[in-house]
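Just below is one structure, and these are the notes that go with it.
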Amino acid sequence: MKFERRLETENKVLEEKYDLSNYKESIPMKMMKKWGFALLLLFTPVLTKADEGMWLPQLLKSLNEADMQARGMKMSAEDIYSVNQSSLKDAVVSFGGFCTGELISPEGLVLTNHHCGYGQIQSHSSVENDLLTNGFWAMSREEEIPNPGLFVTFIVRIEEVTSEVLDGITPAMEEEERQERVSLNIDQVVAKATEGTHYGAKVKSMFYGNEYYLFVTETFDDVRLVGAPPSAIGKFGGDTDNWMWPRHTGDFSMFRVYSAPDGSPAKYAEENVPLKPRHFLPINMTGVEDGDFTMVFGFPGRTQEYLTTYSIKPLVETTNPNRIKIRETKLNILKADMDKDAAIRIKYSAKYARVANYYKKWIGENRGLKVTNAIAEKEALEANFQKWADADADRKATYGSLLSKFEQTHKEEQDVILPYNYIREAVYGTEVLTMAAKFRAIIDALPDDKEKSIEGAKAYAKKFFKDYSAATDEKVFAALMGLYHEDIHANFQPALLNAAVKKYKGDMEDYADFIFEKSAMVSEEKVNALLENFNEKAVKQLMKDPAIQLEREFYDIYTQKVKTVMTDTQNALERLNRAYTAGLREMMPEKTFYPDANSTMRVSYGVVDGSNPYDGMRFTSHTYLDGVFQKEMAGADDYIITDRMRELYANKNYGQYADETGKLPVCFTASNHTTGGNSGSPVIDGHGRLIGLNFDRSWESTMSDIKYDKDICRNIAVDIRYVLWVVDVYAGAGHLVEEMTLVKEDPKPVQLPEVEEVVE
Ligand code: ARG
Ligand code: ASP
């Protein structure tokens, strides 16, 4: 690499790390900057790792291209995102709106995670035909299974539309008024963008409403299940290994997108044909090493990197510990029942995994924020900000009182944080009360929207009872209502709960017995009968239903005492954060800012790397099949090895998928900034080839949604060679690999453009 280019990059890294740019004028800082370089060069033999950031693909050209190339990328920004020619973005889809997937063949084959396809795989499973346990492979197109409701969405183009969206907005406007106006403007932008096309469109706010971007989309609704490994591979390590490194999970599943015969999106129909995508990812068969460039392309869900300490403290001190506690209670109950009964295990496997996932994440997040001193660091930034604001009369008028307003706003919501979290986690974490909520809504919608609500409730009930165990739910109800009663202030207690505690002398199990005996909500037959014949008698019966009565009281507490306060604070915070992020950008004009993740398409980039999670401890970047067998010796239930796996391992039957040392790679880590929603995202090398499938972060990294730490935070990917080995050798579905493009040699190196400027 050109020396000057390297200097330039390191300059930027150093500046961002220490925020030197604010002090640009000061002479000592200028000197330090100069000497800082020299020192950095002396002690850093390789290029510093990529920092945090989830970048909008259409801005890569102006913001990141040079930096990405300096870190080893051999492509141009135009190869990644282009509206005029096919580019990498055309191979990346939002999978069902909650995960990411990528096209890996010219015939619509989509790769995503096992845990992303889990709901679908589970929905096709029964005790007799358990696709979760046994895996599934369609050996012909006819065997591919349709999935009603599942869709994939491509991004057609992205445009900034800030001025259109903010048309008519004045700074003095109340937040509600502003929101109304903004959404009217957005409707117009969307209508214009989609007029006369089959495209969809969304406008998303960035930096809390400082900027707005339009995403024009194309959605396909016929997405069929092609294959999934057995859970012993796809979920190897289960919840024991979830959010953990070292990892050995083959977390992938495959789907195929179908279009109408003319290539346009269509609902499921027999005559549909495999989609011919504008681009699909070729596969790198030779792997990557430490220091190699990687990028992750996908749809990260939500980060909050610019929160002030006033927002972080209640999260760390109140919200996280309490939702952890509630979920732990629930998980223990579910686990005991699932262990006892195979039918319950299948019914609750997806629900259990969902609850367990963020339970464990929040524990890691709290820990990570503590060990990295996130609060102290952000306090220092806030002190800086205050100083900067106070140093100039105009700035003082705009930003001077921001931080104290944050403090005040959070004081106002203090009393409702606990009830808010308990209602979300304990009340609506209890299944019977969610069913009760559906019926309460039907009664309330009378007479206008009755039909619609009934239709909604029917669909809900069908899914609900397919995966429901009333006996299990009864235990959850008793435990979570007990927690609610113990932990929540009297002002937020439903009268019925108080009365029940009195009547049953605090024995919540007796109360649960009563509810589960008397309520119609826990019986599929009764619920269906009510929905089929929703007459006056039914309404009368429902008004007396004890589960509905209880849920109604919770609902009233929520809408009258909690939501009102929360909405006010959320609106106030939106406004404050809008000003704060604008202020930070003004204060650090040379720093490149990225907007928080908001389920829009983003690119993160970094290098393959291990990490130093604890003092005296180093995580290396790759795991191999041998590790699967080492874990088995640890003996936990989550480490299951199938006979087929044993046999292939004993014979070292790795096909063409072993690395140059003869070992079969399984997972690797890299320094790409990712979050929930990035699951299933392609991990791509410097040439635009697929090297792995993103599926997790290490536990020590989970605070990266609030504070990214470049020494600790690593994303976890399953190596594409492991994926293909499972498909081809393990499962004997080599016909799928034949659809793909496997690349065994590096393309000729591309000459980077010369850099003119020489650093002084
Ligand atoms: N932690 C990963 C992510 O947030 C994977 C979760 C799926 N696995 C599980 N055991 N719950 O989605
Ligand atoms: N496992 C996450 C997902 O499902 C990814 C992450 O949070 O790192 O998107």
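The values are calculated or read from the model by the stated rules, or taken from the named source; none is laboratory data. Being a predicted model, the structure only gives us computed values, none of them experimental. Ideal geometry is used to build each Cβ from the backbone, glycine not excepted, and the neighbour counts take in all protein chains shown. What goes into the accessible areas is simple: the full protein's heavy atoms, side chains included, and nothing from ligands, DNA or RNA. Shrake-Rupley method; radii C 1.70, N 1.55, O 1.52, S 1.80 Å.
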> Which GluC sites (Glu not before Pro) does the range 632-715 hold that lie in a coil by DSSP with at most 16 other beta carbons within 10 Å?
Replying inline: Glu660
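Once you order the gyration tensor axes a ≥ b ≥ c over the Cα atoms, which shape class does the range 588-664 get: rounded for a/c under 1.5, otherwise prolate or oblate by comparing a/b with b/c?
Since a/c reaches 1.5 and a/b is larger than b/c, the shape of the range 588-664 is classed as prolate.
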>> Can you tell me which lysines have their Cα less than 21 Å from the Cα of Lys631? Leave out same-chain residues fewer than eight positions away.
In response: Lys235, Lys360, Lys652, Lys663
> Under a straight-distance cross-link criterion of Cα-Cα below 14 Å, which aspartates and glutamates are reachable from Lys561, leaving out those fewer than 8 residues away in the same chain?
Replying inline: Glu412, Glu413, Asp415, Glu553
>> Which residues among the range 52-72 fall inside the zone where the amide N is under 20 Å from a point 7 Å beyond the Cα of Asn84, along Cα→Cβ?
In response: 57-66
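How much accessible area per residue does the range 138-192 have, in Å², with a 1.4 Å probe?
Working: 3230 Å² over 55 residues.
Using a 1.4 Å probe on heavy atoms only, each residue of the range 138-192 averages 59 Å².
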> Along each of its three principal axes, how wide is the spread of alpha-carbon positions in the range 467-570, in whole angstrom units, largest first?
Replying inline: 41, 33, 27
> How much accessible surface does Met338 have with a 1.4 Å probe, in Å² rounded to 10?
Replying inline: 30
> Over the range 608-760, what is the mean sequence separation of C-alpha contacts under 8 Å (at least six apart), divided by residue count, expressed as relative contact order in percent?
Replying inline: 22
> What Cys residues in the chain have no fellow cysteine's beta-carbon under 4.7 angstrom?
Replying inline: Cys667, Cys713
> So what's the back-of-envelope 222 nm ellipticity for the chain, counting only DSSP H runs of four-plus at -39500 (n - 2.57) apiece and dividing by all residues, rounded to 500?
Replying inline: -14000 deg cm²/dmol
>> Tell me the relative contact order for the range 134-242 as a rounded percent, counting alpha carbon contacts under 8 Å between residues six or more apart.
In response: 44
>> Once neighbouring chains are kept in place and the probe is 1.4 Å, which whole percent of the accessible area of the chain is contributed by carbon and sulfur?
In response: 52
> Given a cut-off of under 8 Å on Cα pairs at least six residues apart, what relative contact order in percent is computed for the chain?
Replying inline: 23
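Determine the dipole magnitude for the chain: charges of +1 sit on the beta-carbon of Lys and Arg, -1 on that of Asp and Glu, nothing else is charged, the reference point is the Cα centre, and the result goes in debye to the nearest 20.
Rounded to the nearest 20 debye, it is 900 debye.
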>> For the range 103-209, which GluC sites (Glu not before Pro) pass both filters: DSSP loop (anything but H, G, I, E, B) and at most 14 other C-beta atoms within 10 Å?
In response: Glu128, Glu174, Glu195
> According to the square roots a ≥ b ≥ c of the eigenvalues of the Cα gyration tensor, what is the shape class of the chain, taking rounded for a/c under 1.5, prolate for a/b larger than b/c otherwise, and oblate for the remainder?
Replying inline: oblate
